[in-house]
1. Which entry in (i) 19.9, 67; (ii) 15.8, 51; (iii) 15.2, 43 matches Rg and Dmax of the Cα atoms in Å derived from the coordinates of this structure?
2. If contacts are Cα pairs under 8 angstrom and at least 6 residues apart, what is the relative contact order of the stretch 6-171 in percent?
3. When a/c is below 1.5 the answer is rounded, else prolate if a/b is larger than b/c, else oblate, so apply that to the stretch 93-159 with a ≥ b ≥ c taken from the square roots of the Cα gyration tensor eigenvalues.
4. Nearest 5 percent is fine: what portion of the DSSP beta bridges confined to the chain is antiparallel?
5. Sorting ARG100, ARG52 on the 10 Å Cβ count, fewest up front, what's the list?
6. Which of rounded, prolate, oblate describes the stretch 35-110, given a ≥ b ≥ c as roots of the alpha-carbon gyration tensor eigenvalues and a/c under 1.5 marking rounded, otherwise prolate only if a/b is larger than b/c?
7. Could you work out [θ]222 nm for the chain from helices alone, using -39500 (n - 2.57) per DSSP H run of at least four and dividing by all its residues? Round to the nearest 500 deg cm²/dmol.
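Since every read-out is calculated from the coordinates, none of them should be taken as a lab result. A quick note: this is a predicted structure, and the numbers were derived from the prediction, not measured. Cβ sites come from the backbone with ideal geometry, for glycine too, and all protein chains shown count toward neighbours.
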Amino acid sequence: MDNLELTAPGLVLRPWRDEDAAVVLVELADPEIARWNAQGVTDLPQARAWVRRRADWSSGTHVSLALTDAADGRLLGGASLHQIQDGDAAIGYWTAAAARGRGVASRAVTALTAWGFGELGLHRVQLWHAVDNEASCRVAERSGYRLEGVLRESHRYGDGRRHDEHLHARLATDP
């Protein structure tokens, strides 16, 4: 899978590379990413380690890809299938500030989900986000993930508080 490359309109999803670290360092410091997806990356060596962890799929428990602009290769974000086990997985994503509001996350989630169903034989993929993260709710809905319920105070986000989360999911048998 080292050469895995997925496409979606205007996007290429590809494995992480060491040269992505400098952009990752800048983007993960963005207040919106830190709020919803805090990573604790504060310097270039940590960013390199972060990129390398995502590029190492040897455990079989995750597939993490960089989201890049199909026209110029610019890094626009990241998406991961993780917690892969027994036909189930979760999906997560983030987008660079300059890429938000352009459908990047929805297109990436749709493409990675389809690949997971087709290539990994997944049956169920879950997506959860803080209830007050309306943008992520739109991503889930646009990517075909049905709202299944609310997980009360289920995750501590970057603000240090526990938030209620929406749980969305897609099944391989969903239209």
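1. After the calculation, the listed value that fits is (iii).
2. Working: 307 pairs, mean separation 31.7, N = 166.
Here the relative contact order equals 19 percent.
3. The shape class here is oblate.
4. Numbers: 35 of 38 bridges.
Just about 90 percent of them are antiparallel.
5. Listing ARG100, ARG52 from fewest to most nearby Cβ atoms yields ARG52, ARG100.
6. Oblate, since a/c reaches 1.5 and b/c is not below a/b.
7. The helix-only estimate for the chain comes to -9000 deg cm²/dmol at 222 nm.
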